[in-house]
1. Which residue, of 94, 111, 48, is touching a residue at least 40 places away in the same chain (Cβ under 8 Å), over 28 Å from residue 162 (Cα atoms) and in the same structural domain as residue 156 (by TED's automatic domain parsing)?
2. Quick one: what pairs do we get from the stretch 164-181, first residue farther than 15 Å from residue 83 by Cα, second away from ligand 2 (no atom under 16 Å from the Cβ) and outside any helix (DSSP H, G or I), C-beta under 7 Å, 6+ apart or different chains?
3. So which of 45, 140, 99 is under 21 Å from residue 158 (Cα atoms) and out of contact with any strand residue (DSSP E or B) (no Cβ under 6 Å at 6 or more places or on another chain)?
4. Hey, which of the strands (runs of 3 or more DSSP E) in the stretch 109-203, taking only ones fully inside, have at least 2 residues that are within 16 Å of ligand 2 (Cβ to nearest atom)?
5. All but one of (1) away from ligand 2 (no atom under 16 Å from the Cβ); (2) farther than 20 Å from residue 169 by Cα hold for residue 92; state the number of the condition that does not hold.
Ligand SMILES: [Mg+2]
Ligand SMILES: [Zn+2]
């Protein structure tokens, strides 16, 4: 699993401010500085791209309608955008973890052209039965298990109540529920419209 996350600048800024504000009270500094993160967790296959089964090359990647615009809109609303995707194709030997990472980088490149970005991509390469070697395990990250969502909550220091998970399968909804996050079923159409609807009712 990997993440496109850089916190260095934020952390330095944070230290500077904390030093300055320590004189008054730690409480006020934390109130000023840490507006709690909210996360839009997104499934990949079937939500961001058409699920052609075991997609791992840019050639096979077909964006869903207004999926890129949806990511841009979420960032503009101060959501962290985190992908949580099962990629058992790795465990099955159909493609490698490096392929999943490369495709993620290619997606970032596409998004950059419209000023959007993904904050992190988590993927599960395992499968309990149909996988080889080290990938054949009953892991905690393969949805419907909530491992990837819990990791996102932890890494971005977000509360479950401030987050949602947009997925196209029952297993996505089960993972969301297990993590205490609102699960939203995507049933097709504009992804931008879907996330706008969620965000409106959500907070
Ligand atoms: Mg899916
Ligand atoms: Zn896993």
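The values are calculated or read from the model by the stated rules, or taken from the named source; none is laboratory data. Source: prediction; values computed, not measured. When we count neighbours, we look across all protein chains shown, and the Cβ atoms used for this are built from the backbone with ideal geometry, even at glycine.
1. 94
2. 177/183
3. Only one candidate passes the filter, namely 140.
4. Of the strands (runs of 3 or more DSSP E) lying wholly inside the stretch 109-203, those with at least 2 residues that are within 16 Å of ligand 2 (Cβ to nearest atom) span 120-124.
5. Every listed condition holds for residue 92 apart from (1).
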